[in-house]
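Engineer: Take a look at this one; I'll ask things after.
The values are calculated or read from the model by the stated rules, or taken from the named source; none is laboratory data. No experiment lies behind these values; they were computed from the predicted model shown. Glycine gets a Cβ as well: all are built from the backbone with ideal geometry, and neighbour counts include every protein chain shown.
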Amino acid sequence: MRGGSMDTAKDYRILVALDAVQRLSRRVRQWGLPWPLNKSRAAALVDEVKRLLLRIRYSYLPAEMLADTPEVRKLLEVTSELRELLLPKQPIPKLEAPRTLAIAEMRYSLAVLAGLRNRILLGDENRPEYAVDVIGAEVVRVQHLEGSRNLFVARVAAGRLGLTVVTNLSSVRVGEVRAVAILPPREFLGVVSEAMFSSDPIDKRFVGKRVPPQLLSDELRSQVIAIASRVPSS
């Protein structure tokens, strides 16, 4: 690695993006959603994203230079086309949990890819918390998850963005602002969780903004490291 460059081969941001494209590839292969998909075109675009990410991974460029490479810019274009292909054009009726999870996973993966340039611009330092979007959000609803002993379902909002968070934190209260990390969605007793609480209550000025690393939990870092570890080393 050249002096002053990122170790892009091991950078959590790029590894999480590679994990995201693996998720998209699986969803395209196993398509079972109630709207048509041009699978051959979608598969070709996913393959192009993989190729671009591999070039980015082994570029070893400083963050500022990497963010403006043709590969990163092309990645954003291809991701935009993938979004148009994969996601529904019209509101859809409530679906059973497996299909809801599939849609949530595609939205998550596309958001990871679309936001990669902005996360690269956070700097050369390889910090797990740089690999995902972590924003301040206000808790607007909390209720016990039916059928569980110690889980709660919270609804949080950051401007136009609304997310469902399933948590075991009994201390979460309506009106609080907390950091939420947008992670691979998971299903809990039929409810799809799209994010994880990643801080204690924080100041309301952080609503809709990226939360500074010093306010974030070690659990978030562990989650990101676990995601990155699923990506092959070469």
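Engineer: Return the pair list, or none, for Cβ contacts closer than 6 Å from residues in the range 100-123 that are touching a residue at least 12 places away in the same chain (Cβ under 8 Å) and not assigned by TED's automatic domain parsing to the domain that holds residue 28 to residues that are among the small types (Gly, Ala, Ser) and assigned to a loop (DSSP other than H, G, I, E, B), at least 6 apart or on different chains.
Structural biologist: Listed pairs, sorted by first residue: none to list.
Engineer: Sort out which residues of the range 171-221 are β-branched (Val, Ile, Thr), closer than 18 Å to residue 12 by Cβ and in contact with an Asp or Glu (Cβ under 6 Å, 6 or more places away or on another chain), and write them in order of number.
Structural biologist: Within the range 171-221, 182 is the sole residue that qualifies.
Engineer: Among the residues in the range 126-140, are any assigned to a strand (DSSP E or B), without any contact (Cβ under 8 Å) to a residue 40 or more places away in the chain and on the phi < 0 side of the Ramachandran plot?
Structural biologist: yes
Engineer: Residues in the range 29-44: is at least one closer than 24 Å to residue 195 by Cα, in contact with a strand residue (DSSP E or B) (Cβ under 8 Å, 6 or more places away or on another chain), surrounded by 13 or more Cβ atoms within 10 Å (Cβ to Cβ) and outside the structural domain of residue 161 (by TED's automatic domain parsing)?
Structural biologist: Looking through the range 29-44, none of the residues is closer than 24 Å to residue 195 by Cα, in contact with a strand residue (DSSP E or B) (Cβ under 8 Å, 6 or more places away or on another chain), surrounded by 13 or more Cβ atoms within 10 Å (Cβ to Cβ) and outside the structural domain of residue 161 (by TED's automatic domain parsing).
Engineer: Same structure again: Consider residue 206 carefully, then state whether it is out of contact with any Ser or Thr (no Cβ under 7 Å at 6 or more places or on another chain), buried (at least 20 other Cβ atoms within 10 Å of the Cβ), of a type outside the set (A, V, I, L, M) and touching a residue at least 24 places away in the same chain (Cβ under 8 Å).
Structural biologist: Criteria met by residue 206.
Engineer: Can you confirm whether residue 66 is more than 28 Å from residue 188 (Cα to Cα), free of Cβ contacts under 8 Å to residues at least 60 places away in the same chain and buried (at least 16 other Cβ atoms within 10 Å of the Cβ)? Break it down stepwise before answering.
Structural biologist: Working: more than 28 Å from residue 188 (Cα to Cα): yes; free of Cβ contacts under 8 Å to residues at least 60 places away in the same chain: no; buried (at least 16 other Cβ atoms within 10 Å of the Cβ): yes.
So residue 66 fails the test.
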